[in-house]
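A short worksheet on the structure shown next.
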Ligand code: ADP
Ligand code: ZN
């Protein structure tokens, strides 16, 4: 059988070849985008034409597209094909406000499934695998995105959807599941249920985990790998750019290859919008290169990352992104310090006595802004030993302070005590009262 999921001609294309392909596809993409009401006006106003795209630098004259542009022209303003050519729509999960809608033709769906299949193949998934997809189906792109990608690769796919951990475990056992895809915050929860049932996931047929859709630290990945005894691969995507299959780690787990035949990748300074220097952290900006229904030009993802230097030993030439540290709007400022939730997570997950969940509360107490952290204690350590718990609390306080430069109030809670949303984890609640409230 021809291996459709390993495309060496594309995946190993030298940089110049990739760039030539990008320019050609960008030209087509600009021509296609101009068919939509939004881009038709927008590009005309900026004097952008497809013929004007001759080299990769010409990208710089194209205006950025923001989430507000998508919301402002909801629902059909960016559609470039007649409605009967549209086969499916997806919406973003709306973590940060109103959802946005993305339309796909059959070509778009095929291209997306190929990217997911290619990504899974790069981690080591094969057609002999049993792939259990534990995430929301429906409008969320993780469900159908992985479903079609893993099917394309030839795996046996179990559309398990989210929730009902006991049933998930039964499926894993009944069908000897070898690969799971889910969000990282769910895997730690699933592990607790294994534990409650007196079972160990290391005794199952599981051999690979795909984790993504929410920010997580290297420490969390290490924890998950330890709990399940198998490798976990970072998967990055966003609805506006299809969903999963935008960037993925290969079997070497040293950064996320971003598929440059399907996206032009820029990293810019969020304030000035100028490109950052090579290797610096900035906002990821993506342009679709293979979409018919709804191409998007220079989309400001608000996700922060950087290019990793050098090439990957796997032979793939598509550049690698560092782990996404979060969205620019995840950052909060407390007592003058800029903090990303993932910095707190990193510290917590290094401490073995800490359980798997935490919640950051920003509160105003007696007129002063306070960083409070509720931390679940690991069940093995949750004994009645007050002195030991107090020691742990002090250690967490000191370690977090060293990392974020603000002394937190740490409250230890029982394992399982924190709320567990069905979808992406909510890590921060801002309860501060602003002046005049
Ligand atoms: P929403 O924007 O409503 O959450 P999406 O499902 O499109 O809807 O979510 C995409 C976002 O999820 C990305 O922009 C990014 O912030 C986050 N994300 C996805 N995958 C990862 C990952 N592997 N690491 C960190 N963040 C991720
Ligand atoms: Zn690689």
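The values are calculated or read from the model by the stated rules, or taken from the named source; none is laboratory data. Remember, predicted model here, so these are calculated numbers, not experimental data. Heads up, the Cβs are rebuilt from the backbone with ideal geometry, glycines too, and the neighbour counts pull from every protein chain shown.
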Can you find even one residue in segment 124-137 that is more than 16 Å from ligand 2 (Cβ to nearest atom), at pLDDT below 95 and surrounded by fewer than 21 Cβ atoms within 10 Å (Cβ to Cβ)? yes
Complete set of residues in segment 98-117 that are assigned to a loop (DSSP other than H, G, I, E, B) and under 16 Å from residue 299 (Cβ atoms): 99, 100
Any residue at all in segment 240-250 that is over 18 Å from residue 301 (Cα atoms), within 16 Å of ligand 2 (Cβ to nearest atom), at pLDDT 95 or above and over 13 Å from the mean Cα position of the chain (by Cα)? yes
Can you confirm whether segment 202-213 contains a residue that is in a loop (DSSP other than H, G, I, E, B), touching a strand residue (DSSP E or B) at 6+ places or on another chain (Cβ under 9 Å), modelled with pLDDT under 95 and within 14 Å of ligand 1 (Cβ to nearest atom)? yes
Scan (1) within 18 Å of residue 186 (Cα to Cα); (2) modelled with pLDDT under 95 for the single condition residue 368 breaks and write down its number. (1)
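Given the condition loosely packed, with under 15 Cβ neighbours inside 10 Å and under 27 Å from the mean Cα position of the chain (by Cα), answer yes or no: does some residue in segment 352-361 qualify? Can you show your working first?
Narrowing segment 352-361 to residues loosely packed, with under 15 Cβ neighbours inside 10 Å: 352.
Keeping just the survivors that are under 27 Å from the mean Cα position of the chain (by Cα) gives 352.
Checking segment 352-361: at least one residue is loosely packed, with under 15 Cβ neighbours inside 10 Å and under 27 Å from the mean Cα position of the chain (by Cα).
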Exactly one of these conditions fails for residue 121: (1) touching a strand residue (DSSP E or B) at 6+ places or on another chain (Cβ under 8 Å); (2) within 19 Å of residue 234 (Cα to Cα). Give me its number. (1)
Could we say that residue 194 is within 16 Å of ligand 2 (Cβ to nearest atom), assigned by TED's automatic domain parsing to the domain that holds residue 322 and either surrounded by fewer than 20 Cβ atoms within 10 Å (Cβ to Cβ) or not in a loop (DSSP other than H, G, I, E, B) (or both) here? no
Which of the residues belonging to segment 53-88 are within 25 Å of the chain's Cα centre (by Cα), part of a loop (DSSP other than H, G, I, E, B) and without any contact (Cβ under 8 Å) to a residue 24 or more places away in the chain? 87
Could you check segment 318-350 and list, in sequence order, the residues that are assigned to a loop (DSSP other than H, G, I, E, B) and either surrounded by 17 or more Cβ atoms within 10 Å (Cβ to Cβ) or within 16 Å of ligand 1 (Cβ to nearest atom) (or both)? 318, 319, 322, 323, 324, 325, 331, 340
Given the structure, is residue 226 within 16 Å of ligand 2 (Cβ to nearest atom) and in the same structural domain as residue 129 (by TED's automatic domain parsing)? no
Of all residues in segment 142-166, count the ones that are within 19 Å of residue 183 (Cα to Cα) and outside any helix (DSSP H, G or I). 8
When residues of segment 296-341 are filtered for being within 16 Å of ligand 2 (Cβ to nearest atom), out of contact with any strand residue (DSSP E or B) (no Cβ under 8 Å at 6 or more places or on another chain) and without any contact (Cβ under 8 Å) to a residue 60 or more places away in the chain, how many remain? 3
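Check 213, 293 and return the single one that is touching a residue at least 24 places away in the same chain (Cβ under 8 Å) and closer than 28 Å to residue 422 by Cβ.
Only one candidate qualifies: 213.
What strands (runs of 3 or more DSSP E) completely inside segment 237-306 contain at least 1 residues that are closer than 26 Å to residue 41 by Cβ? Lay out the reasoning, then the answer.
Details: elements: 243-249, 256-258, 263-268, 282-288, 299-305.
Filter on segment 237-306 gives 263-268, 282-288, 299-305.
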Restricting to segment 118-141, name every residue that is within 23 Å of residue 90 (Cβ to Cβ) and in a loop (DSSP other than H, G, I, E, B). 125, 134, 135, 136, 137, 138, 139, 140
